[in-house]
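Undergrad: Pasting in a structure now, in structure tokens, and then I'll have a few things to ask.
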Amino acid sequence: MAKKNGNIRLSAAELSELWTGYMNDSMLVCVLKYFSNKVEDQDIRPVIIKALKTSLNHLEVLEKSFKKENYPIPVGFSQEHDVDIDAPRLYTDGYFLNYIKQMAQIGMNNYSMAISLTARDDIYAYFSKCFVESNQLHKMATDVLLSKGLYIRPPYLLTPEAVEFVDSKRFLAGWFGKRRALTGLEISNLYANIQRNALGIATLLGFAQSSKSKEIKKFMMRGKDIASKHVDVFSKLMRENDLPVPMTWDTEVTKSTSTVFSDKLMMFQTTALIATGLGYYGLSMATSPRRDIAVEYTQLMGEVAKYSEDGAKLMIENRWLEMPPQAANRRELVDMK
């Protein structure tokens, strides 16, 4: 990334987004190298290869950027320490494809946020390029899913005869009396949250099977149970409106119990998915006028937040949690003298 703003220092937001990008891409490189070594479907292989090349290119650019800014390059993850690409297959090709689609979607959200927080020209250009790449990867994965009949479309809505306006406060109600039908946005959010949790269930199931640590197994199974509960809650709301519920991905996990990923990588991936899920729940709550749905999201977010905190504690205990960019502790500096 060539500097166009002279010697302008990176802002806290720019530095944090670059650091987070490095951690995510170094993790994805490990995962995608394993996927590329195991994939059999020749239609899915190009999607994995494109995703892998994209993440490898990101790491190269980010490393150069950190060096130019004299900022320590994060440890992140590596093939040497965090993945055995020759380990037996843990997930099916269908899981690989759906995983990449979801990661590309998360990437678009993350990069759009990074762009909105960035001012320096070179950093702005980098994140803009990353957004375009995520968009292209998402489209590529979606096209393959569609061609194989694996893409799960959200429900359709009937076309109204005319424009209508809300004429009753019952539009906001949800606990007592007759509940109104779900809005299109509420449906979209419920449907997407079911899909994300379904992927989480499969991911955590595979992690639990392949970890040798009883503590990590317990943590992963707890997360799998939480995700399953959330799928049930969202599915019930969908069925109450006679809407179809997307399938889960449990069957996309093989019976292998061999170690594939390091416990450090699996914990990082899990806590990253938790953080992303909390963000989606917050957005879903903000765009759900029906009070009962908003309360459901609030309660589920509390449960996920506690799980996230326990995950962070587990990572700290094992010295797996790398320190993100932070402000100087002025009080500590003063007390040193």
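The values are calculated or read from the model by the stated rules, or taken from the named source; none is laboratory data. These numbers were taken from a predicted model, which means no experiment stands behind them. A quick note on method: Cβ atoms are made from the backbone with ideal geometry, for glycine too, and the neighbour counts reach across all protein chains shown. Ligands, DNA and RNA are excluded from the accessible area calculation, which covers all protein heavy atoms including side chains. Shrake-Rupley method; radii C 1.70, N 1.55, O 1.52, S 1.80 Å.
Undergrad: Could you tell me whether any residue of region 320-336 is surrounded by 11 or more Cβ atoms within 10 Å (Cβ to Cβ) and in a helix (DSSP H, G or I)? Walk me through how you get there before you give the answer.
TA: In the first step, residues of region 320-336 are kept if they are surrounded by 11 or more Cβ atoms within 10 Å (Cβ to Cβ); the result is 320-322, 324-325.
Subsequent filtering for residues that are in a helix (DSSP H, G or I) retains none.
No: zero hits.
Undergrad: Please state which one of Asp167, Asp122 is over 24 Å from the mean Cα position of the chain (by Cα) and in a helix (DSSP H, G or I). It would help to see each step written out before you state the result.
TA: On the way: Asp167 fails: in a helix (DSSP H, G or I).
It is Asp122.
Undergrad: Same structure again: Pick from region 42-62 the residues that are without any contact (Cβ under 8 Å) to a residue 24 or more places away in the chain and within 30 Å of Ile8 (Cβ to Cβ): which of them is most open to solvent (accessible area, probe 1.4 Å)?
TA: Step by step, filter region 42-62, then rank; the result is Glu60.
Undergrad: Which one of the conditions (1) surrounded by 15 or more Cβ atoms within 10 Å (Cβ to Cβ); (2) under 26 Å from Gln79 (Cα atoms) does Phe234 fail to meet, given that it meets all the rest?
TA: Phe234 satisfies every listed condition except (2).
Undergrad: Would you please name the residue that is farthest from the chain's Cα centre (by Cα), looking only at residues in region 63-83 that are charged (D, E, K, R), open to solvent by 70 Å² or more (accessible area, probe 1.4 Å) and closer than 26 Å to Arg319 by Cα? Please lay out each step first, then the result.
TA: Pass one, region 63-83, residues charged (D, E, K, R): 63-64, 67-69, 80, 82.
Of the ones still in play, those that are also open to solvent by 70 Å² or more (accessible area, probe 1.4 Å) are 64, 67-68, 80.
Remaining after also requiring closer than 26 Å to Arg319 by Cα: 67, 80.
Values: Lys67: 28, Glu80: 24 Å.
Applying the filter and picking the extreme gives Lys67.
Undergrad: Continuing with this model, one more query. So for region 307-330 (the condition being of a type in the set (D, E, K, R) and under 18 Å from the mean Cα position of the chain (by Cα)), does at least one residue qualify? Let's see the steps before the verdict.
TA: At the first step, the residues of region 307-330 found to be of a type in the set (D, E, K, R) are 309-310, 313, 317, 319, 322, 330.
Right, trim to under 18 Å from the mean Cα position of the chain (by Cα) and you get 309.
Yes; the residues of region 307-330 include at least one that is of a type in the set (D, E, K, R) and under 18 Å from the mean Cα position of the chain (by Cα).
Undergrad: Quick test for you: out of Ser258, Ser228, Ser284, pick the one residue that is more than 18 Å from the chain's Cα centre (by Cα) and farther than 15 Å from Ser308 by Cα. So that I can check it myself, show each step before the final result.
TA: Values: Ser228 fails: more than 18 Å from the chain's Cα centre (by Cα); Ser284 fails: more than 18 Å from the chain's Cα centre (by Cα).
On inspection, the qualifying residue turns out to be Ser258.
Undergrad: To continue, here is another question. Can you tell me which condition Tyr71 does not meet? The list is (1) outside any helix (DSSP H, G or I); (2) at pLDDT 95 or above; (3) more than 20 Å from Trp249 (Cβ to Cβ), and all the others hold.
TA: If we test Tyr71 against (1) outside any helix (DSSP H, G or I); (2) at pLDDT 95 or above; (3) more than 20 Å from Trp249 (Cβ to Cβ), just (2) comes out false.
Undergrad: Quick one: count up the residues across region 125-162 that are surrounded by 13 or more Cβ atoms within 10 Å (Cβ to Cβ) and closer than 17 Å to Asn57 by Cα.
TA: Going through region 125-162 one residue at a time, the tally reaches 12.
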